[in-house]
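J.: Shown below is the structure under consideration.
Each reported figure results from applying straightforward, stated rules to the coordinates on display, with no laboratory input. Please read these numbers as outputs of a predicted model, since none were measured by experiment. Using ideal geometry, Cβ is built from the backbone for each residue, glycine included, and neighbour counts are taken over all protein chains shown.
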Amino acid sequence: MTLIQMRYFYEVCQWQNITKAAEHLHVSQPTISVAMQTLEAETGLNLFHREGRKILITNEGSKLLGKVKHILDQIDQLDDEIQDMAHNRNHIRMAMPLQLGTQFLPKILGDFRGAHPEIRLDIIESGGISALNMVEEEKLDIAFTNYEAGFSQKLNYEKLFACECCLVTRPENPLASKKSITLEDVLEEPLVLLDSSFFVYRMVHDMYAKENHKPQVVHYSPYLHTIKNLVRAGIGSTFLTRQAVLQRDDLVVIPMEEPFYINSGIVTKKGRQVYDDERLLIKYLKKITKPSH
């Protein structure tokens, strides 16, 4: 049984009509008729009942159809995978943490998609650690994320800028009047933090550990909006990058007297080909993150 016979057989079963199947396949009606007769002769199966122009599938035909459909689905999937492996895939799977997405996601979904409607862009909002794990496992093509260069030797890191991590609190907090703070100022401050899928989690714990202290964490969450809501409600303060806090959030951003920064940029898997569509996106990301003079 050839692939062409399978496709002809499948279409005849779908339409239950030789003429309509031929029209859909853009071949002549006799071509379909001969192919079905040959298929029945070769298999020794009675595949159809014919009632005038209408064709009804037999029990044997129905069983064969199930197997043929499975094979055709696998072939279609293979075609999609081959297309993905082609030089210009027109499909990018990218991770972006919530803290960067606040500033850059509207531009990417607006300007870049508008300029390149032919590129399918799937963006996963996740923490930086989760993002790098997915790139390393090739579940994603690229990450535009916060990172630590020593996270994995299997990844390429291209720094675009550094994000300053600051204390974020509500205006009513006594700390809100300070122009800067020290670690001593926040040793007893209750905190609500992004969870362990984010690099800021590591950095905050490391900062406290260097001074032999532990942060007073009330709650962890993977959701940036949850953290901001808890801060506004007075449950605690948090540490976020400056880019994560917008003016409309009605929150106060206070830098540390000894600032600490986290790298932000593009991360890809070593040894993996970077396709043309990905190069276009990387070029755009460099453009929108380039410091203005």
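J.: Could you please state, rounded to a whole Å, how far the C-alpha centre of the stretch 12-60 is from the C-alpha centre of the stretch 156-209?
T.: A separation of 69 Å, based on Cα centres.
J.: Now for a separate question. Only sites in a loop by DSSP and with at most 15 other Cβ atoms within 10 Å count here; which trypsin sites (Lys or Arg not before Pro) in the stretch 86-179 make the cut? Mind dumping the intermediate values first?
T.: Numbers: sites: R89, R93, K107, R113, R120, K139, K154, K159, K178, K179; in loops: R89, K139, K154, K178, K179.
Here the sparse-neighbourhood loop sites are K139, K154, K179.
J.: The chain: Rg/Rh from Cα coordinates, Kirkwood Rh?
T.: Details: Rg = 29.0 Å, Rh = 23.4 Å.
Using only Cα positions, Rg/Rh for the chain is 1.24.
J.: Can you compute the helix-only [θ] at 222 nm over the chain? Use -39500 (n - 2.57) per DSSP H run of at least 4 residues, normalise by all residues, nearest 500 deg cm²/dmol. It would help to have the intermediate numbers written out before the result.
T.: Details: 9 runs with 117 residues, N = 293.
Counting only the DSSP helices, I get -12500 deg cm²/dmol.
J.: Another question about this same structure. Using a 10 angstrom cutoff on alpha carbons, build the Gaussian network for the chain and name the most mobile of P215, P255, P117.
T.: Looking only at P215, P255, P117, the largest GNM fluctuation is found for P117.
J.: Then there is this: From the residues N17, L3, V68, which one has its Cα farthest along the dipole of the stretch 3-85 in the positive direction, the dipole being from +1 and -1 charges on Cβ of Lys/Arg and Asp/Glu about the Cα centre?
T.: Final value for the positive-end residue is N17.
J.: Among T31, I235, I262, whose Cα projects farthest towards the positive end of the dipole of the chain, with charges put on the beta-carbon of Lys, Arg (+1) and Asp, Glu (-1)?
T.: T31
J.: Still on this structure: Pop the C-beta distance of L56 and L109 into the FRET formula with R0 = 51 Å and round what comes out to the nearest 0.05.
T.: Working: r = 50 Å, r/R0 = 0.97.
That pair, L56 with L109, gives E of 0.55.
J.: For the stretch 1-139, what does the convex hull of the Cα positions come to per residue, in cubic angstrom? The partial results should precede the final answer.
T.: Values: hull volume 24.0 nm³, N = 139.
Convex hull volume per residue, Cα atoms: 173 Å³.
J.: Turning to a different aspect of this structure: Name the residue from C166, G128, Q273 whose Cα lies farthest towards the positive end of the charge dipole of the chain, charges +1 on Cβ of Lys and Arg and -1 on Cβ of Asp and Glu.
T.: It is Q273, whose Cα lies furthest towards the positive end.
J.: Which lysines have a Cα less than 27 Å from the Cα of K54, not counting those fewer than 8 places away in the same chain?
T.: K20, K63, K67, K69
J.: Scan the stretch 29-63 for trypsin sites (Lys or Arg not before Pro) in coil per DSSP, keeping those whose Cβ has at most 15 other Cβ atoms within 10 Å, and list them by number. It would help to have the intermediate numbers written out before the result.
T.: Numbers: sites: R50, R53, K54, K63; in loops: R53.
Passing both the DSSP loop test and the Cβ count: R53.
J.: Another question, if that's okay. Provide the FRET efficiency to the nearest 0.05 for the H225-Q16 pair, computing r from the beta carbons and using R0 = 51 Å.
T.: Details: r = 53 Å, r/R0 = 1.03.
For R0 = 51 Å, the calculated efficiency reads 0.45.
J.: By its C-alpha gyration tensor, with a ≥ b ≥ c as the square roots of the eigenvalues, how is the stretch 162-262 shaped: rounded for a/c under 1.5, else prolate for a/b larger than b/c, else oblate?
T.: Because its axes are fairly even, with a/c under 1.5, the stretch 162-262 counts as rounded.
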